[in-house]
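Data block below; observations after.
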Amino acid sequence: MARTTSSDAQALFHSLRSAYTSTPTSLKIIDLYVCFAVFTAIIQVVYMAVVGSFPFNSFLSGVLSCVGTAVLAVCLRIQVNKENKEFKDLAPERAFADFVLCNLVLHLVIMNFLG
Amino acid sequence: MARSLEGFLVLIVAALIYSSAVASVFQPISDSHRSVALELFTPLEGSFSSLAETYEALRTFEVLGIDKKTDINTAACQSVLETLGSSSSALKDLFYALKVNGILKCEIKKDVFEGVTSRLQATVSSAGALLDFYYSVGGLVIIKDQTSKDDLYLADAEGVFGSIKALSQSDGRWRYNSNNPESSTFAAGLALEALAAVVSLSSSEIDQSLIGATKNDILKLFDSIEKYDDGAFYFDEKLVDAHEHQGPLSTTSSVVRGLTVFAAVTSGSLNLPSAKILGLARFLLGIGIPGDAKDLFNQVDSLASLESNSVSIPLILLLPATVLSLTKKDSVKVKVNTVLGSNAPPLTVKLVGVFRSGSKDTSLVEGQELKFNPESAVYALDALPKSVDVGKYTFVFEMVLHDPDHSYLYATGGQTQIPIFVTGLVKVDSAEIAVLDSDLGSTETKKIDLTGENTVSLSANHLQKLRLSFQLSTSLGHAFKPHQAILKLTHESKVEHSFVVGSSGKHFEINLDFLGLVEKFFYLSGKYNVQLTVGDAVMENSFLKAIGHLDLDLPEPPEKAAQPPPQLLDQKLRYGPKAEITHIFRVPEKLPPKELSHAFLGLTLLPLLGFLIGLLHLGVNLKNFPSSSVPAMFAVLFHLGIAAVLLLYALFWLKWDLFTTLKALGFLGAFLMFVGHRILSHLASISSKLKSA
């Protein structure tokens, strides 16, 4: 039973990997960006766990900037992905412009909250 | 003159040692003035800061008869020579240099005087303001006196007189110049001095109408004189000038100087009431000894002007001793001097009346003349009048001049009132202390000897009363009410209670009912010290006597009785230093060590590196970058715009505030929008072309 689950997991993993190679490069770039943002957030949480949460506002702004930009990147990926039927009429450039604008607004707020 | 002045003054000083300072007794100049003058007029580094101050110091020393120090003289003469020799000296400095030279008589060459004279003459003809006239004309008059040049005259004396007179106002005050509408009494004094100088510098007689008009101005000025209740008259400025307020002393002394100098050069009398001149002298003397150098100069200089002036010379009547003792059989002694302490003309002093302080009843004595002792220049009564008992009195004196012509020259001021204290021994007798049972009579009455040393011992409880009685009478047998008659009970724990002893006529009695006083005594039983204090200013044998002890038995205090106030063991502890207060400041937050923070900073940058490596791994390229020039430029500008916004955010974090950031962001954002729209729409059109194609 265990062996089938582990081999199932392995098989799942392999199929995911092979499917992933067929995704377009632009989407892979966005995925990489999301991973980068999430990792940065995790490192900040680990730091806070080590030294304590003073000053709390700085910690929040740091983590939320990473999380926010990751969320916006996910939105961009959804809108840019050609296989998404809902966003067929939306030009990817427009989505990218939205992404840039929202990121700039997010980072303005983050900078103000950083202290 | 100076020597007899000094000898006389020594006598006055010896008598003045016994005098008391009562407000309305005016003492002439004494040795204390001299010592204060030496203290106040000490120059820094051997010379004064300005010629005006040098003049003030030297004039004060001259009037008080102090021998000047040679180092001050040489420094002053040096300064005078410099000022007079230089052609660029200010007018005010020239004036004061000449004044100083008038006292010191430095060696000045004739041509220096010539130069100064021609300069001053030129200033007089072109002057318009009062101060310019004052300094230039004053300077010329001093040169005329010093060099005894009889041919030094003003070119147009009447014209100058008229121009100075034109600055006067209808109320007798003067303006400083024709532009300034504010008038001042101080300026009136300066103007009178200047006018007197013009009169002495004129070759022919000035028109009498002008002089008469000036005399009218003086009379009108005296209408604005103010007075104190004790008979002192003074001048004060109504308007407070912003930059230089002249107080009553400097204003009064300016007017006195101007008045006396003007009266000296004009003939005919001024018709000023002599009471006002005497009042001015009283004001100047009533100041006592000023603590300021300028005040001392003003006082001494104006008193010197009053000493021998041609309006009326004030005569000051004073008593060297205003406290007379009946036991010592003191007698009334009176001196009459001029303001600087010189002899008065022959006159008689009469004691017009003696009144008890505070009551204007009939005088206790009839009018008597005082006998004059020529050697000591003292007027004295043989003995105090018999009806004068201990207490406070007002003696009223009157001066009568022997020569009837002198009444125009001297101001005696009618009747002079002097407060006198007459002290003596007060008899205390029939002193008794008793403890009484309520309404049953006394259990023990003890006679106390208030003059002796022995004490009594009593005991009482809260149902009893304490009675103390005694009699006071003066040597003439009258009743005497002292200022203080206080009985004090002090507990062992140092809690004190004081009671005033009431009186009727000669009999003094106090009854302490302990039943009513139990709460006041805080229910403290035990041994109380009993103390009686009887005292008054005119009682020579005031006493504080410890009568003895009282053992007082009071009931127990109830639950909510008031506690006695805490008694300090040592009076000094009340005023000793208090405990030191240590302030606790907010402890700053504990920050993690720097190395840890730097390590994590590096760790945070790792994912970025990972991202860039991943990008390379994915094989990103810039193939879609537009090649033609215009879109390429827009593309570059787009990326630069984003970089600029990120830089703006970095600046915002480092030093800017939100408002400047938002302003800059607005501009950059608009630019970025425009550029971004262009490039992205260009890219979109290319990809749609590709799709359709």
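Label-to-label distance for B:Y408 and B:E158 is 2.8 nm, based on points extended 7 Å past Cα in the beta-carbon direction. For the range B:250-264, backbone phi angles converted through the Karplus equation (6.51, -1.76, 1.60; θ = phi - 60°) give residue-by-residue couplings of 5, 5, 4, 5, 5, 5, 4, 4, x, 4, 5, 5, 5, 5, 5 Hz, Gly and Pro being listed as x. So how strong a dipole does the range A:25-114 carry about its Cα centre when Lys and Arg Cβ are +1 and Asp and Glu Cβ are -1, to the nearest 20 debye? Roughly 100 debye, rounded to the nearest 20.
Based on protein heavy atoms only, the protein assembly as shown ends up with 55 Å² per residue of surface accessible to a 1.4 Å probe. Exceedance of the 29 Å cut-off in Cα-Cα distance is limited, within the set A:K88/B:K623; B:K92/B:K276; B:K227/B:K360; A:K28/B:K655; B:K494/B:K545; B:K427/B:K520, to B:K92/B:K276; A:K28/B:K655; B:K427/B:K520. Inter-label distance, B:K527 to B:L603: 8.4 nm, where each label sits 7 Å from its Cα along the C-beta direction. Counting only cysteine Cβ atoms and a cutoff under 4.7 Å, the protein assembly as shown contains unmatched residues A:C35, A:C66, A:C75, A:C102.
Shown in residue order for the range B:490-503 are the 3J(HN,Hα) couplings computed by the Karplus curve 6.51 cos²θ - 1.76 cosθ + 1.60 at θ = phi - 60°: 10, 6, 4, 7, 6, 7, 10, 9, 10, 9, 8, 8, x, 9 Hz (x for Gly and Pro). Under the convention that each Lys and Arg Cβ holds +1 and each Asp and Glu Cβ holds -1, the size of the dipole of the protein assembly as shown around its Cα centre is about 4200 debye. Between the residues B:V261, B:F41, B:V428, the greatest Cα displacement towards the positive end of the dipole of chain B, with unit charges on the Cβ of Lys, Arg, Asp and Glu, is found for B:F41. For the range B:515-529, the residues whose amide N sits under 18 Å from a probe point set 7 Å from the Cα of B:D437 along the beta carbon direction are B:515. Shielding of peptide A:101-112 by partners, expressed as the average count of other chain Cβ atoms within 10 Å per residue Cβ, is 4. One decimal place: the segment B:A90-B:L463 gains 125.3 nm when fully extended, by the rule 0.36 nm per residue minus the C-alpha distance.
I'd like the distance separating the alpha-carbon centroids of the range A:57-115 and the range B:633-693, in whole Å. So the separation of the two Cα centres works out to 15 Å. Global dimensions of chain B from alpha-carbon coordinates: Rg and Dmax equal 45.5, 147 Å. When you restrict to C-alpha pairs under 8 Å that are six or more residues apart and normalise by the size of the range A:25-114, the relative contact order lands at 35 percent. Between B:S250, B:I211, B:G231, the Cα set farthest toward the positive side of the dipole of the range B:167-251 (charges on each charged residue's Cβ, about the Cα centre) is that of B:I211.
DSSP beta bridges fully contained in the protein assembly as shown are about 85 percent antiparallel. Assuming R0 = 60 Å, what is the FRET efficiency of B:D150 and B:D382, from their Cβ-Cβ distance, to the nearest 0.05? So the FRET efficiency works out to roughly 0.55. In order along the range B:594-605, the phi-based Karplus estimate (6.51 cos²θ - 1.76 cosθ + 1.60, θ = phi - 60°) of 3J(HN,Hα) comes to 4, 5, 4, 5, 5, 4, 5, 4, x, 4, 5, 7 Hz; Gly and Pro are listed as x. Counting Cβ atoms of other protein chains within 10 Å of each residue's Cβ and taking the mean over peptide B:616-622 gives 2. Both chains summed, the buried accessible area for B and A stands near 2600 Å², from protein heavy atoms and a 1.4 Å probe. Available extension along the chain between B:V456 and B:S681 is 68.8 nm, counting 0.36 nm per residue and deducting the alpha carbon span. Rounded to the nearest 20 debye, the dipole size of the range B:64-207 about its Cα centre is 320 debye, using +1 on the Cβ of Lys and Arg and -1 on the Cβ of Asp and Glu. Candidate cross-link partners of B:K105 among the lysines, defined by an alpha-carbon separation under 17 Å and a same-chain spacing of 8 or more, comprise B:K68, B:K69, B:K144, B:K149.
Mean residue ellipticity, 222 nm, helices only, chain B: the sum of -39500 (n - 2.57) across DSSP H runs of n ≥ 4, divided by residue count and rounded to 500, is -14000 deg cm²/dmol. Using the Cβ of B:F470 as centre and a radius below 9 Å, the other residues enclosed give a net charge of -3, where K and R count +1 and D and E count -1.
The values are calculated or read from the model by the stated rules, or taken from the named source; none is laboratory data. Note that the structure is a prediction, hence the values are computed from the model and not measured. Please note: Cβ atoms are built from the backbone with ideal geometry, for glycine as well, and neighbour counts cover all protein chains shown. Heads up: the accessible areas ignore ligands, DNA and RNA and are worked out on the full protein's heavy atoms, side chains in. Shrake-Rupley method; radii C 1.70, N 1.55, O 1.52, S 1.80 Å.
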